[in-house]
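Let me begin by presenting the structure, written as structure tokens, before commenting on it.
FYI, it's all coordinate maths here, none of it is from the lab. Just so you know, these numbers come straight off a predicted model, no measurement behind them. Heads up, the Cβs are rebuilt from the backbone with ideal geometry, glycines too, and the neighbour counts pull from every protein chain shown.
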Amino acid sequence: MRRKVVAGNWKMNMKHAEGLSLAQAVDNFLLGNDLPGVDVILCPPYIHLAHIAGSLRAPNISTGAQNCSDHDAGAYTGEISAGMIKSTGAEYVIIGHSERRSYFNENDELLNTKIKIALKNELRVIFCCGEVLSEREKGKHFEIVKSQIEKALSGISREDLADIIIAYEPVWAIGTGVTASSGQAQEMHSYIRSIIYKLFGKEEAEKALILYGGSCKPSNSAELFSMEDVDGGLIGGASLNEDDFCKIIDSFPGK
């Protein structure tokens, strides 16, 4: 039985006091509710990581960064290394988010380097993949996702795969209010699992955690999470609202 995961990507939001307050509220919710098998990951801006990571009490909550440098250290002004992230007490890092791909021109080869650096520094990875609207309209969505996964996971061992969560982001559904239907989500998640099967084997494919990311909110999370191959969500806007995020955490069938 795969564990369920809800990760909140705060993006470039929340001033310091606001971020600490939100993290504490989610932590308190988890302490007050019995949610076996559900893990929560908070991914705030870098400046919050050390304080939040050190303040959390619930056994099933952890922190992650939204990105990391492709260098270990050096004269790279403004960059944050995987080692620095690990030193804050964070356990995860998001790599390959569609906004990093589109705004900062990150390609799959660069993302492969970042994944390897993160793993070397004992960070777990949330790797994002997904197609834009024009690619789906042309029927290329499976081809695009397959290519992204194969390139990003090139040279990754079966042992390291256990520390990688895949998040499927239909880019056309991020911040637009449009959500992939539960059927569309299940179709792609099942396809991603088949890619993992071909690359790493049956056992690894069955254990792989695959999250849905794309306008997931309290009104649709239960339906999305009921799909066989959807193991949770990478939540954007709704993770900034305490009530919405906690409702999503609490929406797994048979929790």
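For this structure, a couple of remarks:
- Between the listed residues GLY155, LEU56, GLY89, the Cα displaced farthest toward the positive end of the dipole of the range 49-156, a dipole computed from Cβ unit charges relative to the Cα centre, is found at LEU56.
- Using only side-chain charges placed at the Cβ, +1 for Lys and Arg and -1 for Asp and Glu, the dipole size of the chain relative to its Cα centre rounds to 100 debye.
- Relative contact order of the range 204-255, pairs being alpha-carbon contacts under 8 Å that are 6 or more residues apart, as %: 41 percent
- Entry note, the chain: relative contact order of 20 percent, from Cα contacts under 8 Å with a spacing of 6+ residues.
- Over the chain, dividing the summed -39,500 (n - 2.57) contributions of all DSSP H runs of at least 4 residues by the number of residues returns a 222 nm mean residue ellipticity of -12000 deg cm²/dmol.
- Normalised by the number of residues in the range 115-236, the mean separation of alpha-carbon contacts (under 8 Å, six or more apart) gives a relative contact order of 26 percent.
- Label point at ARG158 placed 7 Å out along Cα→Cβ; residues across the range 178-199 whose backbone nitrogen lies under 18 Å: 193-199
- Among (i) 35, 22, 16; (ii) 25, 23, 17; (iii) 33, 24, 15, the entry derived from the coordinates for semi-axes √(5λ) of the Cα gyration tensor in Å: (ii)
- Top of ALA180, ALA75, ALA90 by mean-square fluctuation, Gaussian network on the chain, Cα under 10 Å: ALA75
- Checking the cross-link pairs LYS86/LYS114; LYS11/LYS138; LYS114/LYS207 against a 21 Å limit on the alpha carbon distance flags LYS11/LYS138; LYS114/LYS207 as lying beyond it.
- Within a Gaussian network of the chain (alpha carbon springs, distance under 10 Å), most fluctuating of LEU234, LEU110, LEU42: LEU110
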